[in-house]
Amino acid sequence: MMGFGLAIEPQLWALLFAMVRIGAAFVAAPVFGAVSVPLPARIALSGAIGVLVLGTTHVQPPGEVFALTTFLAVAAEALIGLAIGFVLQIAFAAPMVASEVIGMSMGLGFANAVDPSSGHSTPALGQFLSILMTLLFLAVEGHLVLVDLVVRSYQVMPPGAWLAPERLLGIALFGGYAFLAGLLLALPVGFILLCLNIVVGMLSRAAPALNLFAIGLPASLVMGVVAILLALPAMGDYLLVIVHEALEAAPRLVLGA
C-alpha cells in the first residue's frame with residue numbers, strides 16, 4: 001500500500017521511477033529528443049531500457065507515491081537525465097555557431113529553413129552541418145554509448161543522489177565549448193572569405209566607382225561554396241572530434257567518471 005491507499009505493484013512502480021531519468025535524458029539528448037521522434041516511441045524506448053536497468057541494477061523507489069520525498073526523488077532523477085542529454089546537446093550546437101559565422105560572411109544570413117530536429121528556423125548551412133553531425137553520431141554508435149551511459153549512471157549515482165554544485169558548474173562552463181568548436185569549425189571557410197573581403201576592400205579603394213554590391217556579393221557566394229567544398233573533409237573530421245569530445249565529457253561532467 002502506498003500514498004492515498006493506492007495498491008501498485010512494486011515492479012511497475014520501480015519501472016516508472018526508473019523511466020524518469022531515462023526519459024529525461026532522451027528529451028534533452030540529440031537524435032532522441034528530435035520533434036520528429038513520436039512521443040509513444042520515446043515512452044516505449046524508455047520502458048524497454050528501464051526493464052534493462054531493473055535487470056542489471058537494484059533500483060529502490062520511494063515507498064509512497066504522493067509524498068514530498070517522492071517528488072524530490074523524481075526531481076533528482078530528472079535533473080540527472082537532463083544533465084546527461086544536455087551535455088551532448090551542447091556539442092550539437094557547434095554546427096549552428098559555425099553556420100552563423102560562415103553564412104554571414106557568404107551573404108546567406110537570410111537563407112533559413114525549418115530544422116526538423118528542433119522545429120525552429122535555422123540557417124540552411126547549419127541544417128546541413130547538423131545532419132552531417134547526426135550521421136557521424138550514429139556512425140560511431142553514439143546512441144548506444146548514450147544508452148550505456150544512462151544505464152551506468154544508476155551504479156555511480158543511485159536513486160536519491162543529487163548532482164553536486166561543482167558538477168552543475170562544470171556543465172555550465174562546458175557551454176563555452178559550443179562557441180569554441182563552432183569557431184574552429186568555421187575557421188577554414190571564414191579565413192578564405194576574410195581574404196576575399198580584404199581583396200574587395202582593396203579594389204574599392206583603387207576603383208571607388210566600382211559597384212561592390214554587384215561584384216562582392218556574388219564573389220562571396222561563389223568563393224564560399226568553393227571553400228566549403230574544399231574544406232568539407234576537414235570539417236567532417238572535426239565534427240567527428242566534437243562527437244567524441246561530447247561522448248567523453250558527458251560521463252566526466254555528470255558522473256565524475
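Beta carbons closer than 7 Å, at least 6 apart along the sequence or on distinct chains, never pair a first residue in segment 186-205 that is within 10 Å of GLY216 (Cα to Cα) and in contact (Cβ under 8 Å) with a residue 24 or more places away in the chain with a second that is hydroxyl-bearing (Ser, Thr, Tyr) and open to solvent by 50 Å² or more (accessible area, probe 1.4 Å). If GLN11 satisfies all but one of (1) assigned to a helix (DSSP H, G or I); (2) surrounded by 20 or more Cβ atoms within 10 Å (Cβ to Cβ), what's the number of the condition it fails? Condition not satisfied by GLN11: (2). MET133 falls short on exactly one of the conditions (1) modelled with pLDDT under 90; (2) assigned to a helix (DSSP H, G or I); (3) buried (at least 18 other Cβ atoms within 10 Å of the Cβ); (4) of a type outside the set (Gly, Ala, Ser), and that condition is (1). Only one of ALA91, ALA83, ALA41 is in contact with an Asp or Glu (Cβ under 7 Å, 6 or more places away or on another chain) and under 26 Å from LEU129 (Cβ atoms); which? None of the other options fit; the residue is ALA91.
Taking the condition of being open to solvent by 20 Å² or more (accessible area, probe 1.4 Å) and within 24 Å of the chain's Cα centre (by Cα), how many residues in segment 41-63 meet it? Residues meeting the conditions: 6.
For the criterion of being open to solvent by less than 90 Å² (accessible area, probe 1.4 Å) and under 23 Å from LEU108 (Cβ atoms), VAL226 passes.
Per-residue answers, yes or no, for (1) out of contact with any strand residue (DSSP E or B) (no Cβ under 8 Å at 6 or more places or on another chain); (2) assigned to a loop (DSSP other than H, G, I, E, B); (3) farther than 25 Å from LEU149 by Cα:
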site	(1), (2), (3)
TYR177	yes, no, no
VAL189	yes, no, yes
LEU193	yes, no, yes
ARG205	yes, no, yes
PRO208	yes, yes, yes
LEU221	yes, no, yes
ALA234	yes, no, yes
LEU247	yes, no, no
PRO251	yes, no, no
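Before we move on, is VAL101 over 30 Å from PRO159 (Cβ atoms) and under 23 Å from the mean Cα position of the chain (by Cα)? So VAL101 passes the test. Could you figure out which of (1) of a type in the set (A, V, I, L, M, F, W, C); (2) crowded, with 21+ Cβ neighbours inside 10 Å; (3) under 13 Å from the mean Cα position of the chain (by Cα) isn't true of ALA24? Every listed condition holds for ALA24 apart from (3).
The values are calculated or read from the model by the stated rules, or taken from the named source; none is laboratory data. The structure presented is a predicted model; accordingly, all values stated were derived computationally and were not measured. No Cβ is skipped: glycine too gets one built from the backbone with ideal geometry, and neighbour counts run over all protein chains shown. Note: areas computed on protein heavy atoms with side chains; ligands, DNA, RNA excluded. Shrake-Rupley method; radii C 1.70, N 1.55, O 1.52, S 1.80 Å.
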